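*Asks:* Sending over a structure as structure tokens; questions will come in a sec.
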Amino acid sequence: MKKIPVILDCDTGTDDAIAIVEALYAPELDVRAVTTVAGNVSLRYTSQNTLNIVRYLGFDTRVAVGAAGPIFGEIIHSSATHGDTGLGPLVLPQSANAFYEKNAVETILEEARHAPGELVLIPVAPMTNIAHAVLAYPELVSLIKEIVFMGGAMVGGNMTTTAEFNAWADPEAMSIVLNCGIPCRMIGLDVTEKAVLNREDACFFRDLGTKAGTLVADLLDFMFQRFSEGGEDALMHDGLAVAAVVQPEVVKTQPFYVDCECSGKYTRGHTYVATNEIFFKKGEKPERCEVALELDLPLFKQFLRRVIARSQA
Ligand code: RIB
Ligand code: CA
């Protein structure tokens, strides 16, 4: 089986951490690098968390540092959901390893040139790195096969009533990527808010008796505690994007024109999914984005268990 070359772009927080574990153990994926960006917490934490996780699990995958903030404006972290360091109460051994010598943008370019037409980007964070990359190197539009991203929502939001965090944190970046011409698949809140795990799932991972299984179980326990205190449930926002690359049938998608609102006083960060042509000139055929609207939760959970159980090998 030919592995799919991917780069995971993270603002490692709790659900990013589980997505990293999934990607590293999925036999279908060749994780060429994990790139980091500010988002849930500051770049210093998102980067160190990513490096610590990858090295703690024994992988030498390159970790390349990206943007410390959005294209415009200030980043407002989501530490209420992920804790001050981004991983809740978890403390992993601090990796003494160095980050990759190239930054996130140069790493994306390097890997896209290495696998022209095959590389899949999986941004599960504000899209700042991806936007910088396609602006700096337009050749990426023909080199990158697809961008499967966690972000946005057809309806609703988790930062405002109309905006999801990754889109809200850098709306300009989301708009640039949605309109750059690279095929996109949007794994938004419409499906990730249904990708919820429970204590039985946590017990399955803990019973694996592996570092990966225990790490995932500990993260889930933090999420259950958070939910009991009125916070977000154990939602696998980012992990669903990884699953969708390996098993596309885990979600049902429909093609729509999507853009991200950058100027609305109350709607900045809203991902507008055009269900009709009201905003288009006659005959205009704008870029289409595959938008995930339905989730097969049992299939997703089966995927999670299958790949993370490979940590026993
Ligand atoms: O809205 C959910 C997204 O925001 C996830 O990627 C989560 O990690 C946070 O970054
Ligand atoms: Ca994230």
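*Asks:* Could you please let me know if Ala212 is within 21 Å of Asp15 (Cα to Cα) and either more than 12 Å from ligand 1 (Cβ to nearest atom) or of a type outside the set (D, E, K, R) (or both)? Can you show your working first?
*Replies:* On the way: within 21 Å of Asp15 (Cα to Cα): yes; either more than 12 Å from ligand 1 (Cβ to nearest atom) or of a type outside the set (D, E, K, R) (or both): yes.
Criteria met by Ala212.
*Asks:* Within the stretch 221-252, how many residues turn out to be within 16 Å of ligand 2 (Cβ to nearest atom), part of a helix (DSSP H, G or I) and either over 22 Å from Asn49 (Cβ atoms) or over 17 Å from the mean Cα position of the chain (by Cα) (or both)? Steps first, please.
*Replies:* Within the stretch 221-252, the first condition is being within 16 Å of ligand 2 (Cβ to nearest atom), and the residues that meet it are 222-223, 226, 231-245.
If we keep only those that are part of a helix (DSSP H, G or I) as well, we get 222-223, 226, 237-245.
Adding the requirement that they be either over 22 Å from Asn49 (Cβ atoms) or over 17 Å from the mean Cα position of the chain (by Cα) (or both) leaves 222-223, 226, 244.
Residues meeting the conditions: 4.
*Asks:* I'm trying to understand the selection: among the residues of the stretch 150-180, which are acidic (Asp, Glu) and within 15 Å of ligand 2 (Cβ to nearest atom)?
*Replies:* The first filter runs over the stretch 150-180 and keeps only residues acidic (Asp, Glu), leaving 164, 170, 172.
Of everything in the stretch 150-180, those that are acidic (Asp, Glu) and within 15 Å of ligand 2 (Cβ to nearest atom) turn out to be Glu164, Asp170.
*Asks:* Against the conditions (1) on the phi > 0 side of the Ramachandran plot; (2) in contact (Cβ under 8 Å) with a residue 60 or more places away in the chain; (3) not β-branched (Val, Ile, Thr), where does Gly156 fall short? Just the number, please.
*Replies:* All conditions pass for Gly156, except number (2).
*Asks:* Can you find even one residue in the stretch 147-157 that is among the β-branched types (Val, Ile, Thr), more than 16 Å from Leu189 (Cβ to Cβ) and touching a strand residue (DSSP E or B) at 6+ places or on another chain (Cβ under 9 Å)?
*Replies:* The answer is yes, given that some residue of the stretch 147-157 is among the β-branched types (Val, Ile, Thr), more than 16 Å from Leu189 (Cβ to Cβ) and touching a strand residue (DSSP E or B) at 6+ places or on another chain (Cβ under 9 Å).
*Asks:* From Thr50, Thr36, which residue is in contact with a helix residue (DSSP H, G or I) (Cβ under 6 Å, 6 or more places away or on another chain) and within 13 Å of ligand 1 (Cβ to nearest atom)? Let's see the steps before the verdict.
*Replies:* Values: Thr50 fails: in contact with a helix residue (DSSP H, G or I) (Cβ under 6 Å, 6 or more places away or on another chain).
It is Thr36.
*Asks:* So, in the stretch 10-59, exactly how many residues are assigned to a loop (DSSP other than H, G, I, E, B) and within 13 Å of ligand 2 (Cβ to nearest atom)?
*Replies:* Just the residues of the stretch 10-59 that are assigned to a loop (DSSP other than H, G, I, E, B), to begin with: 11-13, 26-28, 37-42, 57-59.
In the following step, the residues that additionally are within 13 Å of ligand 2 (Cβ to nearest atom) were identified as 11-13, 37-41.
Here the count works out to 8.
*Asks:* So, one more: Of all residues in the stretch 199-217 being among the acidic types (Asp, Glu) and farther than 29 Å from Ile4 by Cα, which is nearest to ligand 2 (Cβ to nearest atom)?
*Replies:* Of the stretch 199-217, the ones among the acidic types (Asp, Glu) are 200-201, 207.
Going one step further and asking which of them are farther than 29 Å from Ile4 by Cα, we end up with 200, 207.
Working: Glu200: 25, Asp207: 27 Å.
Ranking the qualifying residues of the stretch 199-217, first place goes to Glu200.
*Asks:* What are the residue pairs meeting all of these: first residue in the stretch 194-211, first residue among the acidic types (Asp, Glu), second residue not in a loop (DSSP other than H, G, I, E, B), Cβ atoms under 8 Å, and 6 or more apart or on different chains?
*Replies:* Filtered contacts from the stretch 194-211: Asp201/Leu220; Asp201/Lys301; Asp201/Leu304; Asp201/Arg305; Asp207/Gly213.
*Asks:* Could I ask something else about it? Can you find, within the stretch 254-313, the residue that is farthest from Glu172 (Cα to Cα) among those that are assigned to a helix (DSSP H, G or I) and not hydrophobic (A, V, I, L, M, F, W, C)?
*Replies:* The initial filter retains those residues of the stretch 254-313 that are assigned to a helix (DSSP H, G or I), namely 297-312.
Now restrict to residues that are not hydrophobic (A, V, I, L, M, F, W, C): 298, 301-302, 305-306, 310-312.
Numbers: Pro298: 35, Lys301: 33, Gln302: 36, Arg305: 36, Arg306: 37, Arg310: 39, Ser311: 38, Gln312: 42 Å.
Filtering first and then ranking leaves Gln312.
Every read-out reported here was derived from the displayed coordinates using simple, explicitly stated rules and does not represent laboratory data. Remember, it's a predicted structure, so these values are computed and weren't measured experimentally. When we count neighbours, we look across all protein chains shown, and the Cβ atoms used for this are built from the backbone with ideal geometry, even at glycine.
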